[in-house]
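The values are calculated or read from the model by the stated rules, or taken from the named source; none is laboratory data. On a predicted model such as this, the values are computed, not experimentally measured, just so you know. Quick reminder, even Gly has a Cβ in these numbers, built from the backbone with ideal geometry, and neighbours come from all protein chains shown. Note: areas computed on protein heavy atoms with side chains; ligands, DNA, RNA excluded. Shrake-Rupley method; radii C 1.70, N 1.55, O 1.52, S 1.80 Å.
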Amino acid sequence: GEDSDSSDAVTVARRRVTGVKAAERKRLMQEERRKERIEKGKDKVFAMFKVKRELAERAGRLLRDEMGCQVVDAQKEPHGEWTHFVTPTLNKKLPVVLAIMNPRLTLLNEQYLTQCCEEGDLADEEKYDWAKAVGASAAQARIIR
């Protein structure tokens, strides 16, 4: 009886240590993934224009805190640093004006922000790129950008 009691105690102790190791490994892996996301997002500046307030706040927190991106209000911040312009609607003049201001600017539908929130990560930009959505050819898309 005594041997089985001590082996049970050893088994319990091993499980506890293994559990701690697994939890620590999981925490370290999550931290590593977070660092990778921040590295991927650190050079991105998202300018939000007329995005629904709740979505802008929720996505803004995710992009800023989890992805390392900068998030600005397009109506309050100068355009020089923007890399992405997010808006629910796009009129015909806006892409031209934005292209003149910043030829490399990516124009995204606000659905992109919803997708980022669902994924907890930066979503695939191509699916939400206004240049593609309005049927612009590759050459026009480059002009818009």
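State the number of residues belonging to the stretch 9-24 that are open to solvent by 90 Å² or more (accessible area, probe 1.4 Å) and modelled with pLDDT of 80 or more. Working first, answer last.
Quick first cut of the stretch 9-24, residues open to solvent by 90 Å² or more (accessible area, probe 1.4 Å) only: 14-16, 20-21.
So of that shortlist, the ones also modelled with pLDDT of 80 or more come out as 21.
So the count comes out to 1.
Look through G1, G41 and report the one residue that is under 17 Å from Y128 (Cβ atoms) and at pLDDT below 90.
Numbers: G1 fails: under 17 Å from Y128 (Cβ atoms).
After applying the criteria, what remains is G41.
Just one of the numbered conditions (1) open to solvent by less than 30 Å² (accessible area, probe 1.4 Å); (2) modelled with pLDDT under 75 is not true of A74; which one?
(2)
State all residues of the stretch 14-73 that are aromatic (F, W, Y) and touching a residue at least 40 places away in the same chain (Cβ under 8 Å); if no residue qualifies, say none. So that I can check it myself, show each step before the final result.
At the first step, the residues of the stretch 14-73 found to be aromatic (F, W, Y) are 46, 49.
Selection gives F46 alone.
Can you find even one residue in the stretch 47-62 that is in a strand (DSSP E or B) and either surrounded by 12 or more Cβ atoms within 10 Å (Cβ to Cβ) or hydrophobic (A, V, I, L, M, F, W, C) (or both)? Outline the logic, then answer.
If we filter the stretch 47-62 for residues that are in a strand (DSSP E or B), which is where we start, we get 47-48.
Still in the list and also either surrounded by 12 or more Cβ atoms within 10 Å (Cβ to Cβ) or hydrophobic (A, V, I, L, M, F, W, C) (or both): 47-48.
Taking every residue of the stretch 47-62 in turn, at least one turns out to be in a strand (DSSP E or B) and either surrounded by 12 or more Cβ atoms within 10 Å (Cβ to Cβ) or hydrophobic (A, V, I, L, M, F, W, C) (or both).
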